[in-house]
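> Have a look at the structure that comes next, please.
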Amino acid sequence: MATSRSYQAQAPFIRPVKTADLEPLKDFLGKLSPGSLYFRFGRPCVPQWSDEKWAKLCQPDTRHSMGMVATEVIAPGRYAIVGMARLVAEANSQRAEFSMVVADHLQHQGLGTELMGALVNEARCRGLIEIYGDVLPSNHAMIRFCQGLGMVRSACPDDVRLYRMALRIRPQSRGVSLSSAAQALHRYTDVRAM
């Protein structure tokens with residue numbers, strides 16, 4: 001006898017953000033706890049963005065930025081966003097800033113590592129040598145997460161109230177197949193203090 005699999009039991013699927021993600025993205029951010037919103041946006045509420053800003057999140061200028069979402073199927077033909085990660089490249093540089101947020105109920109379960117692995121792979125494909133994110137000193141979980149992935153903490157040069165977490169990217173070796181995003185982070189990055 002075949003058993004049906006629960007939609008909630010399926011692992012989140014990570015893919016590039018697309019135009020159709022606008023409403024699911026708004027819904028995702030609206031369901032985050034005040035603490036998660038504060039650590040991601042510096043305020044305990046969803047930012048009051050213009051329609052143009054919301055549209056840019058779902059239609060990034062792929063020459064300079066990219067966005068990834070983690071989705072869960074919630075019903076046949078319907079999905080919910082449960083994580084989001086972005087890279088924004090610096091002008092005339094081989095560096096990019098990352099940002100990431102994961103649904104409260106999925107934090108500390110590996111989804112952040114998978115999203116970061118997707119960002120690292122994208123950074124490598126773009127020929128970037130470093131990705132970095134600025135983190136509030138009170139965001140102990142994110143600091144531990146970043147350090148666990150081999151990132152180096154330093155003072156943020158743009159804002160003394162923040163730490164900068166940086167990861168050096170090393171080119172992928174030829175003929176090597178990545179079996180998971182976590183392996184991509186641990187095996188193919190070269191961390192050096194700036």
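> Looking only at residues in the range 9-21 that are open to solvent by less than 50 Å² (accessible area, probe 1.4 Å) and not β-branched (Val, Ile, Thr), which one is nearest to Thr71 (Cα to Cα)?
As a first pass, look at the range 9-21 and keep what is open to solvent by less than 50 Å² (accessible area, probe 1.4 Å): 12, 14-15, 17, 21.
Narrowing further to those that are not β-branched (Val, Ile, Thr): 12, 15, 21.
Values: Pro12: 5, Arg15: 8, Asp21: 10 Å.
By that ranking, first place goes to Pro12.
> Still on this model: Among the residues of the range 138-184, write down those that are at pLDDT below 90 and crowded, with 17+ Cβ neighbours inside 10 Å.
Ala181, Ala184
> Moving to a separate point now. If we scan the range 20-28, do we find a residue that is modelled with pLDDT of 90 or more, of a type in the set (Phe, Trp, Tyr) and either under 19 Å from the mean Cα position of the chain (by Cα) or under 28 Å from Asn121 (Cα atoms) (or both)?
Within the range 20-28 (the criterion being modelled with pLDDT of 90 or more, of a type in the set (Phe, Trp, Tyr) and either under 19 Å from the mean Cα position of the chain (by Cα) or under 28 Å from Asn121 (Cα atoms) (or both)), the answer is yes, since at least one residue qualifies.
> Please name all residue pairs, on different chains or six or more residues apart, with Cβ atoms under 8 Å, provided the first residue is in the range 149-169 and is without any contact (Cβ under 8 Å) to a residue 24 or more places away in the chain and the second residue is among the charged types (D, E, K, R).
Arg153/Arg164; Ala155/Arg164; Cys156/Asp134; Cys156/Arg164; Pro157/Arg164
> Separate question: Those residues that are open to solvent by 60 Å² or more (accessible area, probe 1.4 Å), within 23 Å of Gly127 (Cα to Cα) and in contact with a Ser or Thr (Cβ under 7 Å, 6 or more places away or on another chain), I need them from the range 34-90; list them, please.
Hits for the range 34-90 are Gln59, Val88.
> Here's something else I'd like to know. If I go through the range 104-137 residue by residue, how many of them are in contact with a Ser or Thr (Cβ under 8 Å, 6 or more places away or on another chain), open to solvent by less than 60 Å² (accessible area, probe 1.4 Å) and within 16 Å of Phe13 (Cα to Cα)?
Result for the range 104-137: 1.
The values are calculated or read from the model by the stated rules, or taken from the named source; none is laboratory data. From a predicted model like this one, the values you see are computed outputs, not experimental measurements. Don't worry about glycine lacking a Cβ; one is built from the backbone with ideal geometry, like all the others, and counts go over all protein chains shown. Accessible surface areas use protein heavy atoms only, side chains included; no ligands, DNA or RNA. Shrake-Rupley method; radii C 1.70, N 1.55, O 1.52, S 1.80 Å.
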